[in-house]
Amino acid sequence: MGISFDKFDGVIWYDGKLVPWTEATLHVLSHGLHYASAVFEGERCYGGEIFKCTQHSERLKRSASVLDFEIPWSVAEIDAAKRLVIEKNNFRDAYVRPIAWRGSEMMGVSAQSNTIHLAIASWQWPSYFNPEERLKGIRLDLAEYRRPDPKTAPSLAKAAGLYMICTISKHRAERRGYADAMMLDWQGRVAECTGANIFFVREGVIHTPIADCFLDGITRQTVIELAKRRGIEVVERRILPDELTGFSECFITGSAAEVTAVAEIADWRFTPGQITKQLMDDYTAETQPKAAAA
Ligand SMILES: Cc1ncc(COP(=O)(O)O)c(C=O)c1O
């Protein structure tokens, strides 16, 4: 077990000020903690540049408005704060975690007058999955929990409460020896993983589920664009679990996971191949243009 996240060195941007890492605390009677009224982002900084910085800040603002609160900082201010955190912590390659939450003024389901807080932390987080397995392919369990109907939960927001079923599913997968779990949606169709979107390949064509009840990841959108630039056809459609036998390759995408090959999902088998490898390389070149050119 490494050092606990509340004990790192460095600074965190907290409600407009840079504070020492260990002092970025909140009261136990915070609405965000009791009622999950919190939204967050996960971003990566490569060579000093935050990838799709503004898109992430816009999504953070959108997620908050889905939860019926407004973050009292503009997208430009959030972008500047994230860059300041990177600079003050002397990072080049790092993960960035903004989080906004409702404070303590009201403690009940209603929180009409609660103050909205925003904090931005950053740390060094090399690879979400074991780097050796990223090309060889990770093993996924099939989760018992399903992504909820958008009429049941704010499915398209990056909201803390939606991760309850992700943590339970990931823990179960890890106990069973898997790296992560693939989740179906409320109608039993393939959805995504606990923190990443999923893609399949059959006869040179990429297939991926329609993102209408889970996060349409910024990495997902980037990879679709990269594939199209290569002339690879990408089909967004409903995918039933029974179809998984027909796919040769599988990979997942996310700001933390980047592009990671998948070798197994429960009893289904895949062989990481040319398209997965190409998109891993293209994603690296897209996120780290200077390193790729050097
Ligand atoms: C549940 C879930 N789906 C998908 C993604 C991928 O999103 P992005 O590519 O924007 O990081 C994430 C990552 O944050 C996630 O947590």
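Points worth noting:
- The stretch 70-102 and the stretch 223-241 have their alpha-carbon centroids 31 Å apart.
- Taking all Cα-Cα distances within the stretch 5-123, those exceeding 22 Å account for 32%.
- In the chain, excluding the sites themselves, the longest stretch lacking any of the GluC sites (Glu not before Pro) that are in a DSSP loop with at most 15 other Cβ atoms within 10 Å is 133-202.
- Dmax and Rg, reported as Rg then Dmax, of the stretch 123-269 (C-alpha, Å): 14.3, 40
- Those residues of the stretch 189-223 whose amide nitrogen sits under 17 Å from the label point placed on residue 240, 7 Å along Cα→Cβ: 189-191, 208-210
- Across the chain, the relative contact order, built from alpha-carbon pairs under 8 Å that are at least six residues apart, equals 17 percent.
- Where the alpha-carbon atoms of the stretch 114-177 are placed on the principal axes, they occupy 46, 32, 19 Å, in descending order.
- Across the stretch 5-123, the mean sequence separation of Cα contacts (distance under 8 Å, 6 or more residues apart), normalised by length, yields a relative contact order of 34 percent.
- The chain: most fluctuating residue of 280, 182, 106 per GNM, C-alpha cutoff 10 Å: 106
- Using a simple spin-label model with pseudo-atoms 7 Å out from Cα toward Cβ, residue 110 and residue 62 lie 3.1 nm apart.
- Distance cut-off 34 Å, percentage of C-alpha pairs in the chain lying past it: 21 percent
- Here the dipole of the chain is about 80 debye; that uses its Cα centre as origin and unit charges on the Cβ of Lys and Arg (positive) and Asp and Glu (negative).
- Fluctuation leader among 259, 66, 223 - the chain, Gaussian network, Cα springs under 10 angstrom: 66
- Taking 7 Å steps out from each Cα toward its Cβ at residue 277 and residue 139 produces label points 2.4 nm apart.
- At q = 0.22, 0.24, 0.31 Å⁻¹ the log10 of I(q)/I(0) for the stretch 242-290 amounts to -0.78, -0.87, -1.15, computed by Debye summation with a single uniform scatterer per C-alpha, solvent ignored.
- Globularity index of the stretch 1-52, i.e. its alpha-carbon radius of gyration over 2.2 N^0.38 Å: 1.40
- Model label points for residue 23 and residue 187, set 7 angstrom from Cα along the Cα-to-Cβ axis, are 5.3 nm apart.
- Structural descriptor for the stretch 131-287: relative contact order 27 percent, calculated from alpha carbon pairs under 8 angstrom and at least 6 residues apart.
Any read-out appearing in this document is the output of simple, stated calculations on the displayed coordinates, not a laboratory observation. Quantities reported herein were computed from a predicted structural model and do not represent experimental measurements. Backbone-built Cβ (ideal geometry, glycine too); neighbour counts: all protein chains shown.
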